[in-house]
1. Within region 9-21, work out how many residues are within 15 Å of residue 67 (Cβ to Cβ) and assigned to a loop (DSSP other than H, G, I, E, B).
2. Quick check on region 22-32. Is at least one of its residues more than 15 Å from the ligand (Cβ to nearest atom), farther than 15 Å from residue 68 by Cα, without any contact (Cβ under 8 Å) to a residue 60 or more places away in the chain and part of a loop (DSSP other than H, G, I, E, B)?
3. Filter region 33-55 for residues that are over 15 Å from residue 67 (Cα atoms) and either within 13 Å of the ligand (Cβ to nearest atom) or in a helix (DSSP H, G or I) (or both) and give the result.
Ligand SMILES: [Zn+2]
């Protein structure tokens, strides 16, 4: 059995943004490499006011994985 997946989203390997499986290109960084092996999710609304965004080096609002395996 593979590890349980928390959602159907896949995470961009470059910027960690979570995107729908049908998308082939990351809308944030243009990356094409994704993984389903990610943990934790944060929704960043205003990166300039978010400590988590600074920690994860997120510059654009969106949904992101906290950790990628
Ligand atoms: Zn990306």
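Coordinate-derived values only; no laboratory data. What you see is a predicted model; the values in this text were computed from it and never measured. All Cβ positions, even for glycine, are placed from backbone atoms using ideal geometry, and neighbour counts span all protein chains on display.
1. If we filter region 9-21 for residues that are within 15 Å of residue 67 (Cβ to Cβ), which is where we start, we get 9-18.
Filter once more, so that each one left must be assigned to a loop (DSSP other than H, G, I, E, B): 9, 13-16.
Of the residues in that region, 5 qualify.
2. Quick first cut of region 22-32, residues more than 15 Å from the ligand (Cβ to nearest atom) only: 22.
This time we only want the ones that are farther than 15 Å from residue 68 by Cα, so: 22.
From what's left, without any contact (Cβ under 8 Å) to a residue 60 or more places away in the chain: 22.
Now drop any that are not part of a loop (DSSP other than H, G, I, E, B), which leaves 22.
Checked region 22-32: at least one residue is more than 15 Å from the ligand (Cβ to nearest atom), farther than 15 Å from residue 68 by Cα, without any contact (Cβ under 8 Å) to a residue 60 or more places away in the chain and part of a loop (DSSP other than H, G, I, E, B).
3. Hits for region 33-55 are 33, 47, 48, 49, 51.
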